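See below for the structure under consideration.
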Amino acid sequence: MTDTTRVLLVDDQVLLRGSFRILVENEPGLTAVGEAGDGAEAVELARLNRPDLVLMDIRMPGMDGIEATRRICGSPETAGVRVLILTTFDLDEYVYAALRAGASGFLLKDAPPAEVLAAIRVVAAGDSLLAPSVTRRLIEDFTSRPGPAPARVPAPLTGVTEREREVLELIARGLSNAEITARLHLSMGTVKTHIGRLLAKLAARDRAQLVIAAYESGVVSASGGGPGAY
């Protein structure tokens, strides 16, 4: 990522795209490199412009944001592009699917400007954006689905140590690195080392995918007993 974070704006509402463009263009260190009104256009512009981050709506005509995210994150040409999902959340049942497709977090459409800018910087810097309330909602959604979900982790956390499992559980609960250090009485450096090893062992690109791995491996659940229960 360069000193200037390059943002692609994707939404089928022209006025909303324009508002985000004004916000981004007036913030030092950020620049808008394009706008797209649907998923297919977003995929093409991501390939041509190679932005650092795509601010991606979910519900759009034609190709939706989930499929566009899957194509952007799954292509070698644009694998380094981060995707931040725009959602109404209370109405969107697709947040989980978007994260599985490779998105690094979500942003509410009615978020205040300062929160939008902070979210762009967090995700573009390589972190993920998952608030505790959202991780709980995602867990509830995941565990309420009929039948088994497609497994993302090929084995039950193969090679993951007990301490790494504890860190994974706390990540899935929405705790920050600082909160994990306090909970487990570890140094910040040790926590970061555990997270790095989890990313490698579970072939996860970022913290958001660690959360998904935790859901799908049974480390956390929305009901029932055990340390990962909510």
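No value in this document is a laboratory result; all are computed from the given coordinates. On a predicted model such as this, the values are computed, not experimentally measured, just so you know. When we count neighbours, we look across all protein chains shown, and the Cβ atoms used for this are built from the backbone with ideal geometry, even at glycine.
Taking every C-alpha pair closer than 8 Å and separated by at least 6 residues, the mean separation divided by the residue count of the stretch 15-126 gives a relative contact order of 22 percent. Computed from the C-beta positions of SER187 and VAL14 and an R0 of 30 Å, the FRET efficiency is 0.05 to the nearest 0.05. Here is the list for the stretch 1-92: trypsin sites (Lys or Arg not before Pro) lying in DSSP coil, each with at most 16 other C-beta atoms within 10 angstrom of its C-beta, are ARG59. Scalar couplings 3J(HN,Hα) for the stretch 166-180, obtained by applying the Karplus form with A = 6.51, B = -1.76, C = 1.60 to θ = phi - 60°, are 4, 5, 4, 4, 6, 4, 5, 7, x, 6, 7, 4, 4, 5, 5 Hz; x denotes Gly and Pro.
3J(HN,Hα) along the stretch 209-216, derived from phi through the Karplus expression 6.51 cos²θ - 1.76 cosθ + 1.60 where θ = phi - 60°, amounts to 6, 5, 4, 4, 4, 5, 4, 6 Hz, with x in place of Gly and Pro.
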